[in-house]
Amino acid sequence: MATFFRWIHRPSSKLNVDCEANMSVTTSKSSDGTSVTIKISGRFDFSKHQDFINAYKAYPKGEMGFVVDLAEAEYMDSSAMGMLLQLREHSSKVKDSVVLANGNDAINEILKIANFGKLFLIK
């Protein structure tokens, strides 16, 4: 049992590299201060959940518009769609308060099939 415990907690440089690679959610505030761009890189899935929530919860609820820049996103799953719905609740329920921008063909097809165009402005 003690050996197993030490193995679980043994530092691994590969693990540290992977954790740093998952830090692919960045934000920037517009010059007029009315919107925030959240940029997603790599796989938009549950591994980005905490970073994504921290990105929008840094701003007061209902006071900002958001642009989710998906230009560097390679993939999106159902957990990412749930995160987008949570973002919509945080911003406001107005359709254009969250813009989903620059998704690749596969991501845009997922958004289309899920009828996200009725909830979000998709560019």
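Kindly identify the stretch 43-97 as rounded, prolate or oblate by the Cα gyration tensor criterion: order the square roots of the eigenvalues as a ≥ b ≥ c, call it rounded if a/c is under 1.5, otherwise compare a/b with b/c, prolate if a/b is larger, else oblate. Walk me through the numbers before you get to the answer.
Numbers: a/c = 1.89, a/b = 1.63, b/c = 1.16.
It is prolate, given that a/c is not under 1.5 and a/b is the larger ratio.
Going by average Cβ density within 10 Å per residue, which order do the peptides 43-49, 102-108 take, highest to lowest? Working shown, then result.
Working: 43-49: 17.9, 102-108: 15.7.
With the highest mean Cβ count within 10 Å placed first, the list reads 43-49, 102-108.
Over the alpha-carbon set of the stretch 26-122, divide Rg by the Kirkwood Rh and report the Rg/Rh ratio to two decimals.
0.92
FYI, it's all coordinate maths here, none of it is from the lab. This one's a predicted model, so the numbers in the text were calculated from it and none came from an experiment. Counting neighbours? That spans all protein chains shown, and the Cβs are built from the backbone with ideal geometry, glycine included.
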